[in-house]
Amino acid sequence: MLNTIFWLFGIIGAVAFAINLLPQVIKCFKEKSAKQISVGFLILALIGNICYGSYLINLNWGSEIWKLIPIYFNYGIATTLTIILTILKYRYK
């Protein structure tokens, strides 16, 4: 029971962390501007998400990998939103 509760906390935390860039993506679409986004932020976010996500997959490959679904979800969504922001940054230059 306690494991299920903490797994749900993991899901909630992963969703919250993963979509934290969503308001920025929406703002960029609405304003048709991404000048407020730092290129350094985008580069570091992409590097961090891709490298740490890859590290986690490699670390846990074959050993109950399903337990870390919230973390994989987190890095997948965060990486996707960062890529979208990067595209918007260069599209609305």
Quiz item: Out of all the residues in segment 40-66, which are of a type outside the set (F, W, Y), more than 15 Å from I84 (Cβ to Cβ) and touching a residue at least 12 places away in the same chain (Cβ under 8 Å)?
Solution: G53, L56, I57
Self-check item: Flag for A16 being of a type in the set (G, A, S) and under 25 Å from K93 (Cβ atoms)
Solution: no
Quiz item: Taking segment 74-93 only, how many residues are touching a residue at least 60 places away in the same chain (Cβ under 8 Å) and aromatic (F, W, Y)?
Solution: 1
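Read the figures in this text as sums done on the coordinates, not as results from a lab. All values reported here derive from a predicted model rather than from experimental measurement. Ideal geometry is used to build each Cβ from the backbone, glycine not excepted, and the neighbour counts take in all protein chains shown.
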